[in-house]
Amino acid sequence: MAYQSLYRRYRSQTFAEIKGQPHITQALQAAVAEGRYGHAYLFSGPRGTGKTSTARVLAKALNCEHLTGGEPCGTCKSCVDIEHGRSFDLHELDAASNNKVDDIRDLIAKVSLGSPGRTKVYILDEVHMLTPGAENALLKTLEEPPPHVVFVLATTEPHKVVPTIRSRTQHFEFHLLPGDELADHVRWVINDAGLDVDDVGIEYALRQGGGSARDTLSALDLVAAAGGVPTTSDVGYELAMAIGSGDPGAALTSIQRALEAGREPRVIGEDTLALLRDAFLAAMGAPLAHLNDRSRQRAAELSTSLGAATITRALEQLGQALVDMRQAPDPRVPLEVSLLRLTRREGSDLGALLQRIEALEQQIAALTHGGLTAGSPAPDAAPRAISASAGPSQPEPSRPRPSQPEPSRPAPRQPNHRRLRLRRHPEQPCPGRLAAGPLLLPATSSPTSRPPVPRFAPRRRSRPHQPPSPLRRQRPLHPRPRRTPPRSRSSS
Ligand SMILES: [Zn+2]
């Protein structure tokens, strides 16, 4: 017997076997058990999340001879025929290739014909690919099909399905599978199929699958066939670490090694982008339900070592590189150039400067805590650590002060009117009001902590000793004489 791929061999055959979509399977099972199922469904969601499998299980349940609690028995003739693809009660149509009006007219002509089972189920895959004419031809039948007919429309892009079709269906949205549930399923498949795959292989398959059960099992097939994980599988992680350490040589070496092993530049970029996105989510404290424990830990490590600003910049650069690859004569070049920019810290552009500042902040945080550890807090904890260590005499603990600007000056000073004037915030009241005290900035506050003054602000140094008087802002008592010549009184 020919080898059957894992995702076909372990395709779900009952509602209970469908992974990660309980909100859909429970509703459908109850509807079938109580005989109140709809005449048209729209299943949408990412690829490999169980849309077609669920539609087939629904077709089985609607025709099963020994239905128990809404679940098909799997052993009657109807169930077996549907499982082996030889039933006349189930018709699958790929709407991507049968998308013309004539194809839909052909389907409509056969809809009213009877079939051996109770219900005839039509599955239209990728229904968003129908032409406008085909969509219009389908509308009437979709709205009022014969009583023994059920339509299931499946799509990965529900926003492209016209509202007139969507409004005639019950819409179910499929989700990507949670990482832990998918990991359990993969382990069960490995056990059941007697495969020899270690934890590294499972981790690789889960990462490649990205929450899609079919993609995960395909990757597992590859690992099992190759006897291990491909040697270049960690190129994304290597590139992310090279960005963190600012090592362009390591980045270009990793890319070159992966290219020599046959990896496409686009795949390398997408792998790195996916890892960085997980790290970004970890840095922002977002839930990482689509990852398993190991990947979650890895994302946390990357977010700690890179920092949010660097990850954001890397996401932007790599995303642009993936766009540029479509037009580039050699798709390797945009990838290599973007990695070079991300790892090079000597540049004078804003991104490189931000990266250097962030690296300095991390070093300061590490010094404050006595060394960086794997579980150290995020880089934004650095300013807090500095201000906390400055002692209770600091009146503004929330403002970080990177260095003492004037170490020779004694720390406690009497408030000086001129100094205070210079540090006055532009939005604060005038110095006369400030002399009362409560709003004064302290004399020990650093000049670097002064908020930036707009360029168009009046220069306050010009009158250092004159308190502002309301009279000064009024019109002068003796205006300048007009320069325009007075009107001549001489009359001709
Ligand atoms: Zn059955």
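The values are calculated or read from the model by the stated rules, or taken from the named source; none is laboratory data. Fair warning: this is a prediction, and the values are worked out from it, not measured in the lab. All Cβ positions, even for glycine, are placed from backbone atoms using ideal geometry, and neighbour counts span all protein chains on display.
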Inset, instruction - Return yes or no: is Ala96 surrounded by 20 or more Cβ atoms within 10 Å (Cβ to Cβ) and in the same structural domain as Leu62 (by TED's automatic domain parsing)? - result: no
Inset, instruction - Go through the residues of region 88-95 one by one and say whether even a single one is away from the ligand (no atom under 16 Å from the Cβ) and within 31 Å of the chain's Cα centre (by Cα). - result: yes
Legend entry - Selected residue [free of Cβ contacts under 8 Å to residues at least 60 places away in the same chain, part of a helix (DSSP H, G or I) and closer than 24 Å to Leu177 by Cα] from Ala274, Ala279: Ala279
Legend entry - Lone unmet requirement of (1) in contact (Cβ under 8 Å) with a residue 40 or more places away in the chain; (2) away from the ligand (no atom under 16 Å from the Cβ); (3) of a type in the set (Val, Ile, Thr) for Val101: (1)
Inset, instruction - Give the residues of region 101-126 that are at pLDDT 85 or above and either assigned to a loop (DSSP other than H, G, I, E, B) or hydroxyl-bearing (Ser, Thr, Tyr) (or both), sorted by residue number. - result: Arg118, Thr119, Tyr122, Glu126
Legend entry - Those residues of region 282-316 which are outside any helix (DSSP H, G or I) and either in contact (Cβ under 8 Å) with a residue 60 or more places away in the chain or touching a Gly at 6+ places or on another chain (Cβ under 8 Å) (or both), in sequence order: Leu288, Ala289, His290, Leu291, Asn292, Gly307
Legend entry - Test set (1) surrounded by fewer than 17 Cβ atoms within 10 Å (Cβ to Cβ); (2) outside any loop (DSSP other than H, G, I, E, B) - Ala219 fails condition number: (1)
Legend entry - Condition met for Gly85 (within 24 Å of Asp221 (Cα to Cα), over 32 Å from the mean Cα position of the chain (by Cα) and not polar (S, T, N, Q)): yes
Inset, instruction - Would you be able to tell me the number of residues in region 320-343 that are surrounded by 15 or more Cβ atoms within 10 Å (Cβ to Cβ) and not hydrophobic (A, V, I, L, M, F, W, C)? - result: 8
Inset, instruction - Among the residues of region 104-119, write down those that are more than 16 Å from the ligand (Cβ to nearest atom) and among the charged types (D, E, K, R). - result: Arg105, Asp106, Lys110
Inset, instruction - Considering only region 297-319, state which residues are among the hydrophobic types (A, V, I, L, M, F, W, C), surrounded by fewer than 21 Cβ atoms within 10 Å (Cβ to Cβ) and either over 21 Å from Arg266 (Cβ atoms) or not assigned by TED's automatic domain parsing to the domain that holds Val267 (or both). - result: Ala300, Ala308, Ala309
Inset, instruction - Could you please find all residues in region 52-82 being within 13 Å of the ligand (Cβ to nearest atom), surrounded by 18 or more Cβ atoms within 10 Å (Cβ to Cβ) and not aliphatic (A, V, I, L, M)? - result: Arg56, Lys60, Asn63, Cys64, Gly70, Glu71, Pro72, Ser78, Cys79, Asp81
Inset, instruction - Kindly establish whether Gly262 is in a loop (DSSP other than H, G, I, E, B) and modelled with pLDDT under 90. - result: yes
Inset, instruction - Test Phe43 against the stated conditions and say whether it is within 16 Å of the ligand (Cβ to nearest atom), aromatic (Phe, Trp, Tyr) and under 23 Å from Glu173 (Cβ atoms). - result: no
Legend entry - Condition met for Asp196 (on the phi < 0 side of the Ramachandran plot, crowded, with 19+ Cβ neighbours inside 10 Å and either at pLDDT below 85 or outside the structural domain of Leu276 (by TED's automatic domain parsing) (or both)): no
Inset, instruction - Being within 35 Å of the chain's Cα centre (by Cα) and outside any strand (DSSP E or B) is the filter here, so list the residues in region 135-162 that pass it. - result: Glu135, Thr156, Glu157, Pro158, His159, Lys160, Val161, Val162
Legend entry - Output for region 224-244, where each listed residue is touching a Ser or Thr at 6+ places or on another chain (Cβ under 8 Å) and touching a residue at least 40 places away in the same chain (Cβ under 8 Å): Leu239, Ala240, Met241, Ala242, Ile243, Gly244
Inset, instruction - Might you let me know whether region 176-186 holds any residue that is in a helix (DSSP H, G or I), in contact with a Leu (Cβ under 9 Å, 6 or more places away or on another chain) and surrounded by fewer than 17 Cβ atoms within 10 Å (Cβ to Cβ)? - result: yes
